[in-house]
Structure formats: structure tokens, C-alpha cells
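The next block holds one structure in the form of C-alpha cells; read it before the comments.
The values are calculated or read from the model by the stated rules, or taken from the named source; none is laboratory data. These numbers come from a predicted model, not from an experiment. Methodologically, a virtual Cβ is constructed for each residue, glycine included, from the backbone with ideal geometry; neighbour enumeration extends over all protein chains shown. Each accessible area value is taken on the protein alone, full model and side chains, heavy atoms only, with ligands, DNA and RNA left out. Shrake-Rupley method; radii C 1.70, N 1.55, O 1.52, S 1.80 Å.
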Amino acid sequence: MSKDKLNQLLQKRFVLLDGGYGTALNGMGMPNSMCPEQWALEHPECLKKLYRGYMEAGADIIYTFTLGANQSKLSNYNLSSHDMELNRKLASLAKETASDQVLVAGDIGPTGSGIKPMGDLLFEEAVDIYKRQVKALLVGGVDLFVIETMIDIQEARAAAIAIKETCDLPFIVTITFEKSGRTVGGTSPASAMITMQSLGASAVGSNCGHGPDSMLEIIHQMSKVATVPVIAKPNAGIPRLVNGHTVFDMNDHAFVTHSKNLLNEGVSVIGGCCGTDSKTIKALYDLIKGKDRSFEKQEPKRGILSSGTDCIVFDLTTTGLVIGERINPTGKKQLQEELSSGRYQSVSELAGIQQEAGASILDINVAVPGCDETSLMSEVVEKLSWSVNTPLCLDSADPNVFEKVLRIYPGRALVNSVSLEKEKIEKIFPIVKKYGCMVILLPLSGSKLPKNNEEKHAIIQELVQTAKEYGLSEQDFIVDALTMSIASVPKAGKDILETIEYCKSNGWFTLSGLSNISFGMPERKTLNTAMITLCIQKGLNFAIADPSSDLVMNGMYATRLLMNDDPDGSSYIKNVRHSERVVSSQKSVSHHKTLLKENDDVYNRVLKGQFDSIVQQVQKELEQGVSAESMIQERLIPAIQEVGSLYEKNIYYLPQLIASSNAMKKAVDYLEPLLMKESKSVQKPVCVMATVKGDIHDIGKNIVSLVLSNHGFEIVDLGKDVDANTIIDAVIKHHARIIGLSALMTVTMRYMKEVINLKNKKCPHVKVMIGGACVTLEYAKQIGADGYAENANEAVRVAESLLD
Ligand code: B12
């Protein structure tokens, strides 16, 4: 099916998707010990029955049963090499049953391994894994693709890129969010929507999760920034185990009532996930049947950029957005040295400082003579992607640098920049289109500066025209007003103001490299401040500037207030800096200034996740006579406790937790041998962790293991799908005091009891604590577990209490 045809369908009317498969097949006898895809293939009648049910209920699209049929996930069942065969056959089965009455979407789900920093795979490894799946689904005859149940935006992006680089079929995307309203990695619904629609998805939304009621706010956030139809495919909540049966508490009536609210929030593609069946889909059909709908969203012209976690949305009237300019090695010897030796401490610090100081975007320039700019830029972007929440602006004069970096950037970036040069145009515009980012148009013709404003405006016209020929719209670019130095061009100030006016009248976003105006002059900040106030009067959207300059920032906030760009004065009041610096109340992932401790670089490095440089700092302090024990007890442990509390409050997400834990681990690994010398005993309580047999969900178990080890437990992690004998053998071998069991499914949580029974026989003194989405305190008591915890921090408290 062509993208246009699907888009026509999606824009004409409500579209109905299918319901759940996994739980339904479990009910038909699918055992958890077996690969679901293989079992389904061996029992085609079961799957066909579900398909027929959904088709009769009125579904427009059914999914192939291939959510977990990628090489990585199949390795759990030693079936990696069967991925192509399974996908091809399962796609053919769906096509055959559909017999052209409904569309078949090739289903692509998480790898199960995750992409760095949250998992083990490199981004390109994930792309390759998905490409194999896409190719096989194509052979099986699918009409479109669906990327679903993605909890990591990078996996969703890798799958989208794999589809785009393999075929022209359209794809739709649904992301799964936590109760907190963000993904495990911290991506907000709006940011996920922007990132995936920019990459070319025909519709974007959410699936699975915690039921249709808790999806309402997620859909609300997504709808606000959506330029494509919005999808909701919720489950019927998290199931409970009641008298040995899996029970989803939400009935069809309640499901449909909540679905109505989802439609009112802007959803136009709807279906169900686990816990829903053909009756639910029929009820949804009745809900949307005959309802008129046309997807004609008349949006104001607006630009949108996103990071891995958050986004910024602006329109032609938005002024005073600052692009932090300080990550640029030109003329900075120390930064050059660090970058050329692969050290990024200053980069991380400059990023944090600028974000804290109010930058909306961070410019990243790493052009160090003699260095491979593409690899350097990739590494810096990889590093900053999950440690700051502002979008990034990728700044390079070399057009070859962008593609590799755009592949790994987990959001919608800004490319800086393209000028009127054939080579740049031919390289940059196609990749801007492919990766769906925004680009800065720089009015230079080759390396020549325009002689006057007429010439400058003619170049801008030509660049805009060319951008449109490459399929970009006015929402995809920002024009650089080209700021010259007042020291060399006396008309420089007036010229920029004229260019801003000219662009505004054409409806184009504008930007100024503000600091250039004062180059070669004394008291540069004064000139920069005067310039920004004048520019804001003309409606400049962005200034590339140093947000740490109080004078410039205050001038900007004040002008916005005086020009009625900040009608209630709230931005001015919140941000203006008094002569004594006021700490910004803005939430910042990397630098919680208020939480950082003055003069405690060890503590601060853990808090900021600076694992590259922590050992150096520890060594320095040891040389100054600080004891290893005091460093651990008084600074490292409190720091990681603070990290845990930030994670619990949804201020930190998984990437920050991992980075801080790495910092802690590196420091402790270095200090521990010294502690032995100081003849202090460092025997840690051992905890054996496992996801029980039949269950391959391990993300929660991994987080609990990480946080427990941060709190002084020695973790023996046995992985997932682990049987009782293996667990008890490990307990005996490692003299463990606690067993931590995880299960995410009602069918597998029963197995926890078997582990407890065996433990009671072989090592009754050992304590067991349990957890996982479907597990409850009640269930823990029922099976005789000693403890239960709902999340990782709670798990630490429970584990510590079990040692008493
Ligand atoms: C991501 C996901 C997957 C991924 C897993 C990737 C991976 N490496 O883990 C993939 C796609 C592979 C997958 C597969 C399947 N999934 Co799934 N999946 C999910 C999903 C969306 C999120 C789970 C998750 O990682 N959450 C994030 C983590 C951080 O949360 P958590 O695990 O709950 O952990 C926290 C706490 O519970 C606690 N905790 C966890 N473990 C422990 C342990 C101890 C000792 C303690 C103290 C605390 C503790 O602390 C953690 C941190 O805060 C859930 C839905 C949901 N909302 O939970 C469905 C869900 C678990 N999956 C479900 C199903 C049905 C399946 C499949 C059968 C689907 C299929 N068609 O194949 C297969 C299962 C195959 C198998 N045999 O295991 C159902 C289970 C329903 C049921 N009957 O019980 C769920 C609940 C969806 C639903 N609503 O129906 N899934």
C-alpha cells in the first residue's frame, strides 16, 4: 500500500485497529516456556480465529503476530536464525486470513536488549536487526508496518529508519508510557510524537500502558503537537491473578467510555491491546460507526524541536529563545585539548551551565583541527542526548558530519547550517528531509558575503525556494539574519533589523548569531545587550548567544516584557537575575544546582553522572589525605541516595540513573581495595536476582538490581526466564541472604511460589522479596514471600529491613 493511500484512509474517517493477542493465546494454551511466535505458527488455527474475530468486529487493520520476532528477542529461545522464516510465515498467515478485506500491518516491537545507554545494542545493530525483520515481513506481503510497545524512543527510531531504508511502505508508531506519563527513558508524549512524526510516521500514538483512563493525559499531550492522526490502543489495565485466573478489571463498557474520551482528545485511530478481545473491538466499532471525521488540522505556522526527553514549540510571535553558543572549541585551548583526547568533562559542564542559565537549545560545535569531526560530534551528542533536556543544534561547516549524528540523535534536531553552495545543498537538504529535522538557512553564496541587504535577501529567497524543491516546508527552516561585526560594517546593526523584518513579512523564522555584532569592540556585552533588545522589537525568534551573561539575558527578558511578548510578566519575574545570582527554578536533568554541594566534587560527579572523571577526582582527594571510608560513607552513598530520590520523583530517568550508578561504581571499585588495606571489612550482603521461569521481561528487575547495588548489596543477577533450581543453587553457592524475584505476567508470577517452596526446603533462612507490574503485596503475603516492593527505591528499604 502506498503512503498516500494510507494517508487518505487515515484522514477520511476513524480507523479501527485490532485487539490483544498475547493474553488471548495464553488462554488458548500457549505456554510461557515457549516462544509465542513459534507457538502461534504451530497453532495457526488459534491465530486465525483471533483474526477472524477482529475482522468480523469491524477492524480495518490487523497486526501480524511478530511483536517479538526480531533476532535479538528470539535469541531468548535460541531462535535468532529463524527470524526471517518466522516473520515471513506469520505475515503470510495474516495476509491469507485478511484476504484483502482488511489491511495487514507488519508488527515490530522492542529488541528486548535495548539500545545504549539504556541497553546493550549499538544503534546501528538495532537498525540491522529491524531491517531483517522488515525484509521478511515484506516478503510475507504486509501492507504497512506498525512499530509498537516501544518503551525506548531510540528503538522506535531505529525501526523507523530500518523501514525507510528498506522500502516505501508507510508505517505507524505507538509508544508505551509509564504511570509517570513518560517512557522508562524519560521521553515525554509530546517529544515522542514530534520525533516520530518528523521521521515520517503516518500516524503516532500510544499502546499498552496502564489502561485507557491513564492514557488520556498522554493523548492530550500528543494531540497538542500532532500533525498526523493520533492513535490510542490501550490495554484493559494491568491484570490481577485471582484464584489462578488472569483477570483484567476493566470491562468493555468502561473501556468504551474511556475510549470516547480519547476520541474527544483527538484520537482518530483506535483499538485495544492486552485484555481486549473481539467483543471490545466490536464495541469500539459501534462507538465510531457513522461518526464523521476529517483530519484537517488548521495549525498556526510553528516550529518544533525535540530532545530525547522534551520539546520546544514556537511560532512567528515567539521571541527570546536562546541557543547556547559555548560548546565551541574555536579559540578555547582547554576545550580543544579535551576534545582531541576524547575527554568531555568541560562539554558536560558547559551544557549543564547553559541549560541552567536559560538556553532553549544548545549549539554543538566540535571542529578541532586534526580530529575526526564526525566521530567527535557523534560522541558528544551521544553523551549529551540523555544528560540535558534541551534540543541540540548540530553546528558544522562540513556537510558530511550531519548524517551519522542525525541517525543517533533521539529527537528532532536543528542543523546549523546550509548556505547557497551546490555541495552543501545536495548533501544537507536530502538528509534534513530524511531525518525530519529543522535547518538554518545561512545567506552566504559559497564563501562570499552578500555585498548589501538586497543581495542577502535574494540569496535567502533562493535558499527558501531550493528548500521547498527538496520537499521542506516553512516550518522546517529558520533564516539566519547574518550578523556582521559593527567594527567592520557600520550598517551591521541596521542590516540585521531590516532582514528580520523582511523574513517576518514572508512568514519565516529568524535567528541571529548575536555575539558577532560586538566582535573587535570593547564592552562586548553592552553591545550584545543593545542588539538583542532591538532585534526582539523586530520579532527575532532565536539568538545564538551566551546565556550565562546576566546583562544580555536581563536585557532580553526586560525587552520581551516591554514589548508585550511576556504579557503577565511571568517569564521576566521567574528569570530575571538580581545582582546576586538567583538560582533558576527550571528543572534541569544534569545540574540540580540547588542539590549540588559546594566544594564536594565527588558527590557532585555522582549526582551529575560524570563517570569519566570521578576516579581522577577520587585519586586527587586521596593524595590530599581524605580517607577511602569517609569518601564512601559520607559522600558517595548520600549522593547515590539523592539520585535514587530524584529517580523516584521522576526528575531523573533511566539514562541518568545508569550514568550516576556508573560513576558510583567506578569510584567504589577504586576505593574498595584501599578499604581492605585500611582493614575495614567490606563484606556486602548478597542478593540473588532473577526474572522467573517463562518470563522474559527484565527491565524492572535490572533497575532494581542497579539500585540495590548502589546501596551496598552485592548482586548476583541470573537474568530472565530462570528456573527454581538455578536460583537456589546460586543462593547456596554465593551465600546469599536475599532472593529478589521479578515477574510481569499473571501466568508467570505463579512460579514465584515454586521458588519459595524449594527455598524453604533447601535454605529456609534466606529471605525472598518479590515485585513486578502484576504482583501485589497481597499476593506476596499469599505465597509466603518475606517482602514486596512496588519500585526500586522501595526495594532497597525492603531489602534492608530483611537483613535486620
Ligand atoms: C516492555 C514490555 C515488553 C517487552 C519486554 C522487554 C524486556 N526486555 O523486558 C517485550 C516486547 C519483549 C514484551 C513481551 C511480552 N509481553 Co510485555 N510488556 C511490556 C510492558 C509494556 C512494560 C514492562 C516494563 O518494562 N516496564 C518498566 C519497568 C521499569 O517496570 P516494572 O517491570 O514493573 O518494574 C518495576 C516494579 O514492578 C518493581 N519490580 C520489578 N521487578 C521487581 C523485582 C523485585 C524483587 C522487586 C522488589 C521489585 C520489582 O520495580 C521496578 C522498577 O520500578 C508491560 C506493560 C506494563 N505497563 O507493565 C507489558 C506486559 C508486562 N506484557 C505483557 C505480555 C502479555 C507480553 C507477551 C506475552 C506479548 C506477546 N504477544 O508476546 C510477551 C511475553 C513473553 C514472555 N514469555 O515473557 C502483559 C502481561 C499480561 C499478563 N497476562 O500478565 C503486560 C502487562 C501488558 C498488558 N497490559 O497486558 N513485553
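So, Val432, is that one open to solvent by less than 10 Å² (accessible area, probe 1.4 Å), assigned to a helix (DSSP H, G or I), modelled with pLDDT of 95 or more and not small (Gly, Ala, Ser) or not? Can you show your working first?
Working: open to solvent by less than 10 Å² (accessible area, probe 1.4 Å): yes; assigned to a helix (DSSP H, G or I): yes; modelled with pLDDT of 95 or more: yes; not small (Gly, Ala, Ser): yes.
Criteria met by Val432.
Residues are listed down the side, and each one gets a yes or a no for (1) open to solvent by less than 10 Å² (accessible area, probe 1.4 Å); (2) away from the ligand (no atom under 16 Å from the Cβ); (3) modelled with pLDDT of 95 or more:
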position: Glu125; (1), (2), (3): no, no, yes
position: Lys135; (1), (2), (3): no, yes, yes
position: Cys167; (1), (2), (3): no, yes, yes
position: Val173; (1), (2), (3): yes, no, yes
position: Ser180; (1), (2), (3): no, no, no
position: Val184; (1), (2), (3): no, no, no
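Consider only pairs whose beta carbons are under 9 Å apart and that are at least six residues apart or on different chains; among these, list those whose first residue lies in the stretch 781-793 and is open to solvent by 60 Å² or more (accessible area, probe 1.4 Å) and whose second residue is more than 6 Å from the ligand (Cβ to nearest atom) and small (Gly, Ala, Ser).
Asp786/Ala780
Take Lys95 and decide whether it is among the charged types (D, E, K, R), surrounded by fewer than 21 Cβ atoms within 10 Å (Cβ to Cβ), more than 10 Å from the ligand (Cβ to nearest atom) and within 18 Å of Ser278 (Cα to Cα).
Working: among the charged types (D, E, K, R): yes; surrounded by fewer than 21 Cβ atoms within 10 Å (Cβ to Cβ): yes; more than 10 Å from the ligand (Cβ to nearest atom): yes; within 18 Å of Ser278 (Cα to Cα): no.
So Lys95 fails the test.
Would you tally the residues in the stretch 691-713 being more than 28 Å from Val668 (Cβ to Cβ), more than 7 Å from the ligand (Cβ to nearest atom) and of a type in the set (Val, Ile, Thr)? Please lay out each step first, then the result.
The initial filter retains those residues of the stretch 691-713 that are more than 28 Å from Val668 (Cβ to Cβ), namely 692-697.
Next, from what is left, pick out any that are more than 7 Å from the ligand (Cβ to nearest atom): 692-693.
From what is left, the residues that are of a type in the set (Val, Ile, Thr) are 692.
Total satisfying the criteria: 1.
How many of the residues in the stretch 218-275 are basic (Lys, Arg) and within 12 Å of the ligand (Cβ to nearest atom)?
So the answer is 2.
Restricting the first residue to the stretch 610-628 and requiring it to be in contact (Cβ under 8 Å) with a residue 60 or more places away in the chain, which pairs with a second residue that is open to solvent by 50 Å² or more (accessible area, probe 1.4 Å) and part of a loop (DSSP other than H, G, I, E, B) meet a Cβ separation below 9 Å and a spacing of at least six or different chains?
Close Cβ pairs (under 9 Å, with a partner that is open to solvent by 50 Å² or more (accessible area, probe 1.4 Å) and part of a loop (DSSP other than H, G, I, E, B)) amount to Asp612/Arg343; Ser613/Arg343.
Hey, does the stretch 346-364 have a residue that's without any contact (Cβ under 8 Å) to a residue 24 or more places away in the chain and of a type outside the set (Ser, Thr, Tyr)?
Of all residues in the stretch 346-364, those without any contact (Cβ under 8 Å) to a residue 24 or more places away in the chain come to 346, 349.
Now drop any that are not of a type outside the set (Ser, Thr, Tyr), which leaves 349.
Scanning the stretch 346-364 turns up at least one residue that is without any contact (Cβ under 8 Å) to a residue 24 or more places away in the chain and of a type outside the set (Ser, Thr, Tyr).
Between Val405, Val415, which is hydrophobic (A, V, I, L, M, F, W, C), open to solvent by less than 10 Å² (accessible area, probe 1.4 Å) and in contact with a Phe, Trp or Tyr (Cβ under 7 Å, 6 or more places away or on another chain)? I'd like the intermediate steps shown before the answer.
Values: Val405 fails: in contact with a Phe, Trp or Tyr (Cβ under 7 Å, 6 or more places away or on another chain).
Result of the check over Val405, Val415: Val415.
Has the stretch 186-202 got any residue that is within 16 Å of the ligand (Cβ to nearest atom) and more than 18 Å from Gln221 (Cα to Cα)?
Residues of the stretch 186-202 within 16 Å of the ligand (Cβ to nearest atom): 186-187, 189, 192.
Then keep just the ones that are more than 18 Å from Gln221 (Cα to Cα); that gives none.
No.
For the structure I just gave you, tell me whether Glu426 is open to solvent by 20 Å² or more (accessible area, probe 1.4 Å), free of Cβ contacts under 8 Å to residues at least 40 places away in the same chain and closer than 24 Å to Leu497 by Cβ. Give the derivation first.
Working: open to solvent by 20 Å² or more (accessible area, probe 1.4 Å): yes; free of Cβ contacts under 8 Å to residues at least 40 places away in the same chain: yes; closer than 24 Å to Leu497 by Cβ: no.
No: the conditions fail for Glu426.
Enumerate the pairs (first residue in the stretch 313-334 and without any contact (Cβ under 8 Å) to a residue 40 or more places away in the chain; second residue anywhere and in a strand (DSSP E or B) and not polar (S, T, N, Q)) with beta-carbon separation below 8 Å, excluding pairs fewer than 6 apart on the same chain, so at least 6 apart or on different chains.
Asp315/Arg302; Asp315/Gly303
The rows are residues; the columns are (1) touching a residue at least 40 places away in the same chain (Cβ under 8 Å); (2) buried (at least 17 other Cβ atoms within 10 Å of the Cβ).
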| residue | (1), (2) |
| --- | --- |
| Leu16 | yes, yes |
| Pro36 | no, yes |
| Ala40 | yes, yes |
| Lys48 | yes, no |
| Ala59 | yes, yes |
| Thr64 | yes, yes |
| Ser72 | yes, yes |
| Tyr77 | yes, yes |
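Any idea which of Ser571, Ser588, Ser627, Ser584 is open to solvent by less than 40 Å² (accessible area, probe 1.4 Å), of a type in the set (S, T, N, Q) and either in the same structural domain as Asn662 (by TED's automatic domain parsing) or at pLDDT 80 or above (or both)?
Numbers: Ser588 fails: either in the same structural domain as Asn662 (by TED's automatic domain parsing) or at pLDDT 80 or above (or both); Ser627 fails: open to solvent by less than 40 Å² (accessible area, probe 1.4 Å); Ser584 fails: either in the same structural domain as Asn662 (by TED's automatic domain parsing) or at pLDDT 80 or above (or both).
Every option except Ser571 fails the conditions.
How many residues are touching a Gly at 6+ places or on another chain (Cβ under 9 Å) and open to solvent by 20 Å² or more (accessible area, probe 1.4 Å) if we restrict to the stretch 486-507?
5
Quick check on the stretch 207-217. Is at least one of its residues closer than 15 Å to Tyr409 by Cα and either hydrophobic (A, V, I, L, M, F, W, C) or within 13 Å of the ligand (Cβ to nearest atom) (or both)? Lay out the reasoning, then the answer.
Kept after step one, since they are closer than 15 Å to Tyr409 by Cα, are these residues of the stretch 207-217: none.
Looking through the stretch 207-217, none of the residues is closer than 15 Å to Tyr409 by Cα and either hydrophobic (A, V, I, L, M, F, W, C) or within 13 Å of the ligand (Cβ to nearest atom) (or both).
Give me the pairs: first residue in the stretch 463-484 and small (Gly, Ala, Ser), second residue in a loop (DSSP other than H, G, I, E, B) and crowded, with 16+ Cβ neighbours inside 10 Å, beta-carbon distance under 8 Å, and six or more apart or on different chains, which are they?
These pairs meet every condition: Ala467/Asp476; Ala481/Leu540.
Within the bounds of the stretch 14-21, is there any residue that is among the aliphatic types (A, V, I, L, M), in contact with a Ser or Thr (Cβ under 6 Å, 6 or more places away or on another chain) and away from the ligand (no atom under 14 Å from the Cβ)? It would help to see each step written out before you state the result.
If we filter the stretch 14-21 for residues that are among the aliphatic types (A, V, I, L, M), which is where we start, we get 15-17.
The next check asks that each one be in contact with a Ser or Thr (Cβ under 6 Å, 6 or more places away or on another chain); those that pass are none.
No, the stretch 14-21 contains no residue that is among the aliphatic types (A, V, I, L, M), in contact with a Ser or Thr (Cβ under 6 Å, 6 or more places away or on another chain) and away from the ligand (no atom under 14 Å from the Cβ).
Kindly indicate whether Gly513 is within 16 Å of Asn416 (Cβ to Cβ) and open to solvent by less than 20 Å² (accessible area, probe 1.4 Å).
yes
Taking only the stretch 240-273 into account, find how many residues are farther than 30 Å from Asp4 by Cα and open to solvent by less than 20 Å² (accessible area, probe 1.4 Å).
Summing the residues that are farther than 30 Å from Asp4 by Cα and open to solvent by less than 20 Å² (accessible area, probe 1.4 Å) in the stretch 240-273 gives 1.
One line per residue, one yes/no per condition, for (1) farther than 19 Å from Ser33 by Cα; (2) surrounded by fewer than 18 Cβ atoms within 10 Å (Cβ to Cβ); (3) aromatic (Phe, Trp, Tyr); (4) not assigned by TED's automatic domain parsing to the domain that holds Val798:
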{"residue": "Ser660", "(1), (2), (3), (4)": "yes, no, no, yes"}
{"residue": "Gly700", "(1), (2), (3), (4)": "yes, no, no, no"}
{"residue": "Leu708", "(1), (2), (3), (4)": "yes, no, no, no"}
{"residue": "Asp717", "(1), (2), (3), (4)": "yes, no, no, no"}
{"residue": "Ala736", "(1), (2), (3), (4)": "yes, no, no, no"}
{"residue": "Leu741", "(1), (2), (3), (4)": "no, no, no, no"}
{"residue": "Met752", "(1), (2), (3), (4)": "no, no, no, no"}
{"residue": "Val755", "(1), (2), (3), (4)": "no, no, no, no"}
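Take the residues in the stretch 670-698 that are open to solvent by 80 Å² or more (accessible area, probe 1.4 Å), over 29 Å from Met150 (Cα atoms) and not hydroxyl-bearing (Ser, Thr, Tyr), then tell me which one is modelled with the lowest pLDDT. Working first, answer last.
Going residue by residue through the stretch 670-698, those that are open to solvent by 80 Å² or more (accessible area, probe 1.4 Å) are 670, 676-677, 679-681, 683, 693, 697.
Of the ones still in play, those that are also over 29 Å from Met150 (Cα atoms) are 670, 676-677, 679-681, 683.
With not hydroxyl-bearing (Ser, Thr, Tyr) added as a condition, the list becomes 676-677, 680, 683.
Working: Met676: 64, Lys677: 65, Lys680: 52, Gln683: 78.
Among residues in the stretch 670-698 that are open to solvent by 80 Å² or more (accessible area, probe 1.4 Å), over 29 Å from Met150 (Cα atoms) and not hydroxyl-bearing (Ser, Thr, Tyr), the one modelled with the lowest pLDDT is Lys680.
Across the stretch 648-671, what is the total count of residues that are more than 25 Å from Thr187 (Cβ to Cβ) and of a type in the set (Asp, Glu)?
Selection size over the stretch 648-671: 1.
Got at least one residue in the stretch 443-466 being among the hydrophobic types (A, V, I, L, M, F, W, C), buried (at least 19 other Cβ atoms within 10 Å of the Cβ) and not in a helix (DSSP H, G or I)?
yes
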